[in-house]
Every structure is written in C-alpha cells, then in structure tokens.
Amino acid sequence: MEIINGFYYLFSNSSALIFVFAGAVVGMVVGAIPGLSAAAAIAMIVPATFYLDPLSALGFLYVIGKSGRYGGSISAILFNTPGTAAAAATMQDGYPMTQKGQSGKALKIATVASVFGDFFGELVLIFGVAIIASWTLSFGPPEYFAVYFAAFVIIGSVIGKSITKGILSTLLGALLSLIGMDPITGESRYTFNNYELENGLNLVPLLIGLFVFSEILFQFNQVITDKIKTVAVKSNLKTDNSLSFSEIKKCFMIMLRSSAIGAFIGIMPGLGSAVACFVAYGEEKRRAKNKEEWGTGIIEGVAAPESANNAVSGPTMIPLLTLGIPGSTIAAILIGVFLIHGIQVGPTIFETSKELVYGLFACGLLGIVIYGVIGYFFGPLLGRTIALLSPNMIYPFVLITGFIAAYSARQSLFDVGVAILFGIIGYFLRLTGYSLPALLIAFVLAKNAEEAFRQSLLLSEAGIGIFLNRPIAISFFIIGFFVLFFKIKSKN
Amino acid sequence: MINFKILKNYDVSSGITLLIISLFLLFEIRLAEFSDISTGEGAIGPKSAPTYLNITIILLSILLIFNSFFNKNIINNNSKFNSSLVFKKAQLIAAVFLYLFLTDLVGYLLSTFIIIPLLLFIFQNKNFKKNLFISFVGTLIYYIFFIKILGLHNPDPQIEFFEVLSF
C-alpha cells in the first residue's frame, strides 16, 4: 500500500508535520471569518512556502484548503453568514439550530459530517488517481490539447450563471497567460516593451489581486456599513451542546450519499463545493419523509451539505494529478506551487515524485483528523472568539498582508502594482457576473494548451487533421461540446 | 442620438469593454513583427493562439451585447448610486496606490507605519490614538515576521535619508 509509505514519508519530516497542524488551524480560523475564503488565505501564504521543502509547502496549503471548507460552517451556523461559499447551504438548518439554542449540537454534527465527507473524498482520490494516471500516461500532445480544450469549455460553461460570461472568463485568463515570451520561439508577445513583462505575469500577484484585493473591494460596503453581523446566539442547555451516537447513526446514510455526490462533483472541473452542498441538500430533502422540518433546524440539514462540500476536496485533485488540470481555485494555486518546486504535474508525477504525492495524501488524512478533533472540542470557542473580532479591524491587515505577499513573490514592487490592478479588474469582473476561478484556472493551463496545440501541428503532416486521427482526442472534444450543448439546452 | 442608459446594463458595458480591448490586442498581435518569419505566421507561429483567442472574444462579446437586448433576466445596475460609498472605495484604492508609492520612496517600514492608520480610518475606525498604537504594534509584527523571520528583502528607499530605517 503506497499510502503507508506516504505516512512514513510524512512522519519522517517533522517540518511537514508542524505545517500540517498549522494548516488545519489557519484554515479553520480563516474559513470561519465571514468574507475571507481559504483561497484568499492560500494566495497570501504561497510566497512564504517558497522556502519550505515541497511536502511541507504542499501539505500546508492542501490542509488549509480542507480545513477552510470546514471552517466556513462555523460562521454559517453561528452568525448566519457563510465563511465560504461552500457553507452557504449549511445556513439553511445550521442557523435555525443556533436560534433554538442548539449551536453546540449543530457545530458537532457539522464537524462529524465534514470529517466523514473529507475522508470519503480522500479515499476516492487515493484509490482512483493511480488507476486514471496509468491510463493517461500514453497521452501525447494532441490528446493533451483535447483535454485542455474540453476543460476550458466545461469550466467556462458550468462555473457561472452565464455560459457566455463563463467562457469569456476562461478566454481572458488564457489571453493573460500569453503575455511574455512565446514558449516555442522565445519571442515577446504583449509586453509593450516593458522589461518586467518579459517573463509573463506572475501567478502570486494575480492571485492576490483577484482573490484578496478584489474581495476586499467587494466586501467593503458591507464591512463599513456593519452588515456582517458577528453576534453569536448563545446556547444555554447542556443537552443541546452534545451529539449522541444515535444521532450520528441517523445521519450515517445521509452522510454517505452526500459524500458520494460531493466526490462525483469534485472530479468534474469547475463545479466545486458550492454546487455540491446545494445538490446534496436538495437531494436529501427530496428523499426525506419529514420534508417540512428541513430548514427549521435539524441535524440532517447540516450533515448533508457539510459531508458533500468536504467530499469535494480530495477528488478535485484527480484531474490535477492525472491530467495536470486543476478542478478548483485551490487546485490551480497548488499547480503553481508544484511548478515552483520543480515538479511537473500530470500522470508522470507518479513516476517522478511518487513519495511526495502519497505523502501529500497522508498530509490530507492527518489534516482531517486534526481539524476534526480541534473543531469538535473547540469549534464553539473559535466561533465566540471570531465574534469578538470586528471585520473593519481585520480587513486593513488583510490588505497589508496581501500587499507584502504580492511583493515577496519576486521581491518586486511592479508585482504589487499588478496585484492592485487585478484587484480593481477582478472587482469589476465580479460585479458584472464574470468568473474569477475560471479566469485563474485558464491562466494556469493556457500556456500548456498552446504548447500542446503547436507541438501537435509540428508533429502532424495532416495539419489540424491530427486531432481527428486520435480517438481519445476526439472523445474529449465530444465531451466538451456535449457539456456545452447540455448547458445551453438546460438554460433554454 | 446615443442612449447612454444602455450602459447601465452590465452585459452591454462589459461586452463593449471586452470588444474594444480584444480588437486592440488583435491589431497589436497582427501588426507585430517576429524575427523568425517561418514561425511568425500560420497555425504554429506565435501569432496563432492570440489571434484565435481574440477573434473568439470579439465574437462572444458581440453575442453578449446582442443577447442583452433580448434577454429580460439580465443583471441591471439598478442599485441607487451612493456617492459616499463610491468615494470611500476610491479612497481605499488611492490608499493602496499611496502605499505602493511610499514603499518605493521611503521604504517598507515607514510606509507601513503611515498606511495602517490611514486604512483603519477608511474602514471607519476613527479613534486616532488607538489607530496609531495599532499601527506601531502592527508594523513591528510585520517587520519581525516578514523581514527578520522570513528573510524578505526590504525595498531600498528612493530617498537615501530613509535608508537608516531599512536596517
């Protein structure tokens, strides 16, 4: 079992163990602060991980992503404000439970369901990824271009409310990635004689701009008009703070089904936790005998979305590790971190960095245990502490940390300017309904897609016909067009 | 006569913006001269991907604008224009640019000390003395953590006098 070797690799690296623990705590805290997402936290922390060994760096960020998803449920339950989009469905029953004085019970079932879902997703990742990777090993440039093409179309069409805007977001991200030197001829494109643009836009300032600065601008009105209410409703009854075994047993099948939904959605690039939690909530409500009680504050209504949104976490790594395609914002950031540490992501990673990959899975499993234990016993305390913090005191420091993080990536003030500019652009894109995750994922992928396209044509004597001679490539083109067609049809 | 009210429709305004930008970028790449003529043109040249991308963006922008005239469920900017909030947001953006300018001019330490109270004020924390104290402690923590522990390069100030604060 490779995962045993992964644990051995992890436990022989004390620095990685410390960072897994730190990741669990940081993710929970950031996820629980309304308006601050795990992606924003990771964007700010990425430069600090440049100097760490690959396992510590990747394990740290991976666990922040996991515990951040869970942390979002704390503010959803206590303050009726989801810390992350993934926790939006948890509010439906979580907050009514708090109003009934059962916040302790709600937080405990959220923890149990999150841990259950996350473990389920991680197991799907561990057992599924190697099988798919062995299949994708035979892919050449034409197959890769087809995969990238399908990913762009699928992500663009499913990620937002508008298909046109979703695809435009991916195209904008792809266009931004073309700034700098051409990957084959080495000539400059869109640099406008600016020396700083020769190497292209750096991922970190782009991340800071799109996910930290634009978020601050977006939340600004709410923060200064005090619309984010961080007032926890206190629970007084002791029985309302505990969770019995029979209650867990009652939710077991709900957690299992919701985890399966979350894991399936996680494999699809672009859908993510926010979709999974609502699909699982809707499905379980539909199946329930006590439909009228859903939304009034019942544990099943917390268990379903929480298992689903956490089950997404592991499977989003499947397209990343097998095809080099990030399925979510966090996976897109991780691909950048892999590259910074000189590791090429794709099916060959299981030949070149097997220990690291399974070590990362072990980090994920350990991280789940850590945030589960902390969340179960200290979740209410964390919620009460966050209630004391005022968002208008936190946001100035988030902004300054983002500023320094953008600078520290290449120690360049030009990068800070880029981050500010993309903060403003990102704000307007969000305001007008464009998708920033789609833009980011396309930015990360587009250079490889262009290389694959041009390499295919260089290999080919039949020109663009090379794509039609490859059955796997054709299959991926068909999948892309099928999803697009299906989405257009469902919109109409 | 042009009815500028149509620009309040986000689909139209964003579509027009993207159309202008991608037209400019299309001309820019088509007019660019690459030293290697054999790879400059055709499907495998450096012009190919930007050309295809820009053409697709132009077509989709036109589609977006066109659809907005027929789609009744479009996002309209119907929110009341709150000049005070817009002004505060502009202050925030100006403060971030000021921070960038000051960091270049006087270095990281002093600029952070100046900008924290300003940002706290913009975020409606109006107690000046408290803000100053928070700024002092905050700057110290940032300095120790980023410069001393993480070993971040402290940008050299343009004004030599302030190099004394760069340590």
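So here's what we get for this one:
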quantity: Residue that is surrounded by fewer than 20 Cβ atoms within 10 Å (Cβ to Cβ) and closer than 20 Å to residue A:363 by Cβ, where the choices are A:58, A:52; calculated: A:52
quantity: Scan of the stretch B:17-32 for residues that are at pLDDT 90 or above, at the interface with another protein chain (Cβ under 10 Å from one of its Cβ atoms) and crowded, with 16+ Cβ neighbours inside 10 Å, ordered by number; calculated: B:18, B:21, B:22, B:25
quantity: Test: residue A:147 is within 14 Å of another protein chain (Cβ to nearest Cβ) and in contact with a Leu (Cβ under 6 Å, 6 or more places away or on another chain); calculated: no
quantity: When residues of the stretch A:251-281 are limited to those that are of a type in the set (A, V, I, L, M) and not in a helix (DSSP H, G or I), the one nearest to residue A:315 (Cα to Cα); calculated: A:268
quantity: Top-ranked residue in the stretch A:201-228 [being part of a loop (DSSP other than H, G, I, E, B) and within 13 Å of chain B (Cβ to nearest Cβ); ranked as modelled with the lowest pLDDT]; calculated: A:228
quantity: Residue in the stretch A:71-92 that is in contact with a Ser or Thr (Cβ under 7 Å, 6 or more places away or on another chain), assigned to a helix (DSSP H, G or I) and among the aromatic types (Phe, Trp, Tyr) present; calculated: yes
quantity: Which numbered condition residue A:366 misses (of (1) within 14 Å of chain B (Cβ to nearest Cβ); (2) out of contact with any Gly (no Cβ under 8 Å at 6 or more places or on another chain)); calculated: (1)
quantity: Residue within the stretch A:151-161 that is surrounded by fewer than 23 Cβ atoms within 10 Å (Cβ to Cβ) and either of a type in the set (A, V, I, L, M) or away from chain B (no Cβ under 12 Å) (or both) present; calculated: yes
quantity: Hits in the stretch A:282-315 - residues which are under 16 Å from residue A:95 (Cα atoms) and outside any loop (DSSP other than H, G, I, E, B); calculated: A:293, A:299, A:300, A:301, A:302, A:303, A:304, A:305, A:306
quantity: Test: residue in the stretch B:143-151 that is facing another protein chain (nearest Cβ under 7 Å), at pLDDT 80 or above and surrounded by 15 or more Cβ atoms within 10 Å (Cβ to Cβ); calculated: no
quantity: Unique residue being among the basic types (Lys, Arg), farther than 26 Å from residue A:365 by Cβ and in a helix (DSSP H, G or I) when the list is A:165, A:108; calculated: A:165
quantity: When residues of the stretch B:33-53 are limited to those that are at the interface with chain A (Cβ under 7 Å from one of its Cβ atoms) and part of a helix (DSSP H, G or I), the one modelled with the highest pLDDT; calculated: B:53
quantity: Qualifying residue in the stretch A:402-413 (condition: crowded, with 24+ Cβ neighbours inside 10 Å, touching a residue at least 24 places away in the same chain (Cβ under 8 Å), within 30 Å of residue A:11 (Cα to Cα) and of a type outside the set (Lys, Arg)); calculated: yes
quantity: Top-ranked residue in the stretch A:151-162 [being part of a helix (DSSP H, G or I) and hydrophobic (A, V, I, L, M, F, W, C); ranked as farthest from the chain's Cα centre (by Cα)]; calculated: A:153
quantity: Odd one out for residue A:441 among (1) over 20 Å from residue A:136 (Cα atoms); (2) surrounded by fewer than 24 Cβ atoms within 10 Å (Cβ to Cβ); (3) β-branched (Val, Ile, Thr); calculated: (2)
quantity: Search result, residues across the stretch A:81-94 that are more than 22 Å from residue A:370 (Cβ to Cβ) and touching a residue at least 60 places away in the same chain (Cβ under 8 Å); calculated: A:81, A:85, A:88, A:89, A:92, A:93, A:94
quantity: Verdict on residue A:416 being β-branched (Val, Ile, Thr) and within 30 Å of residue A:469 (Cβ to Cβ); calculated: no
quantity: Residue check, residue A:359 assigned to a helix (DSSP H, G or I), of a type outside the set (A, V, I, L, M), within 14 Å of chain B (Cβ to nearest Cβ) and in contact with a Leu (Cβ under 8 Å, 6 or more places away or on another chain); calculated: no
quantity: Qualifying residues in the stretch B:1-16 (those that are surrounded by 12 or more Cβ atoms within 10 Å (Cβ to Cβ) and hydrophobic (A, V, I, L, M, F, W, C)) - the one modelled with the highest pLDDT; calculated: B:16
quantity: Residues of the stretch B:95-116 classified as within 9 Å of chain A (Cβ to nearest Cβ) and either touching a Gly at 6+ places or on another chain (Cβ under 9 Å) or closer than 22 Å to residue A:392 by Cβ (or both), total; calculated: 8
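The values are calculated or read from the model by the stated rules, or taken from the named source; none is laboratory data. Given the structure is predicted, the values throughout are model-derived calculations rather than measurements. Cβ atoms come from the backbone with ideal geometry, glycine included; neighbour counts cover every protein chain shown.
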